[in-house]
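Student: Sharing a structure here in C-alpha cells format.
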Amino acid sequence: MDTPKVKPNTFAFFLRGVPSSGKSTLAKKLELSNYKFTRISVDDVGRKAWINLLKEAIEREDRYIVVDRCHSSVELRKKSLQAISFYKNRVCSILVTLPRLSFEELTERIKNDLRHKYSPEERLIGLKCHMKKRSKDTVDIIKEGWDYHLDLNTDDSLEKFLRRLDNQNM
C-alpha cells in the first residue's frame with residue numbers, strides 16, 4: 001500500500017453495496033469500534049444533509065469517517081468525491097465494496113429486517129434497480145479519483161487495513 005503524498009488528517013470511508021448488503025451494520029460497528037468512526041448515514045439524515053455533516057467532520061479533523069450510502073453508481077461516487085474535493089490534501093478517500101450476496105440472500109434479509117424505515121416492498125423495488133446497475137458497474141479508482149479501493153470480496157479485512165494505516169503513522 002502506497003503512502004499518500006500529503007499526510008492526511010482524515011480517512012473517509014465510503015461504503016459501496018446494494019440495499020441490505022450490510023452497509024449500515026458495518027457503519028454502526030465502526031462507530032462503536034476502538035477507532036471511533038464518525039458515522040454519517042444518508043438513511044438517517046437525508047440525501048442533502050449528509051454532505052454538510054461530512055464537511056463538518058472534516059473541518060473538526062475527525063480521524064475516521066464512514067459514509068453509509070449505496071455508492072452503487074459512478075454518479076453517486078462522483079458526488080461523494082466532489083463533496084471532499086476542497087479538502088483533497090487533508091482527506092484520504094477509501095471506497096469500501098461490501099461482499100456480494102445473491103439476490104435470494106438479499107431478498108431474505110429485506111423480508112426479515114422490519115426495523116428499516118422503508119417497507120420491504122419499497123426496498124425490494126430498490127434492490128431490483130440496483131441489481132441491474134451492479135452487473136454493469138465496475139470501479140476504476142484511478143479514473144474516479146479514489147485514494148484506495150478496499151474490496152471486501154477479495155481484500156484483507158477492514159480491520160487489517162485500519163491497522164496498516166495506524167502502523168504507517170499517518
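Readers should treat all values here as calculations from the given coordinates under stated rules, not as data from a laboratory. Computed from a prediction, not measured in an experiment: that's the story for all the values here. Methodologically, a virtual Cβ is constructed for each residue, glycine included, from the backbone with ideal geometry; neighbour enumeration extends over all protein chains shown.
Student: What's the long-distance tail for the chain, i.e. % of Cα pairs beyond 25 Å?
Tutor: I get 30 percent for the Cα pairs in the chain exceeding 25 Å.
Student: Scale the Cα Rg of segment 10-82 by the rule-of-thumb value 2.2 N^0.38 Å and send over the ratio, two decimals. Walk me through the numbers before you get to the answer.
Tutor: Working: Rg = 11.4 Å, N = 73, 2.2 N^0.38 = 11.2 Å.
That works out to 1.02 for segment 10-82.
Student: If you don't mind, another one. For the chain, what does the helix formula give at 222 nm: sum of -39500 (n - 2.57) over DSSP H segments with n ≥ 4, over the residue count, nearest 500 deg cm²/dmol?
Tutor: -12500 deg cm²/dmol, from helical runs alone.
Student: Treating only the Cβ atoms of Lys and Arg (+1) and Asp and Glu (-1) as charged, compute the dipole magnitude of segment 19-163 about its Cα centre; round to the nearest 20 debye. Don't jump to the answer; show the numbers that get you there.
Tutor: Numbers: 30 positive and 23 negative charges, 59 e Å.
It works out to roughly 280 debye.
Student: Between residue 102 and residue 144, what is the FRET efficiency for a Förster distance of 30 Å, r being their Cβ-Cβ separation, to the nearest 0.05?
Tutor: Values: r = 27 Å, r/R0 = 0.89.
In this case the efficiency is close to 0.65.
Student: According to a simple spin-label model (label point 7 Å from Cα along Cα-to-Cβ), what is the distance in nm between residue 76 and residue 52?
Tutor: Those two pseudo-labels are separated by 2.3 nm.
Student: Could you tell me which of 127, 64, 83 has its Cα farthest along the dipole of the chain towards the positive end, charges placed at Cβ (Lys, Arg +1; Asp, Glu -1), taken about the Cα centre?
Tutor: Farthest along the dipole direction, towards plus: 83.
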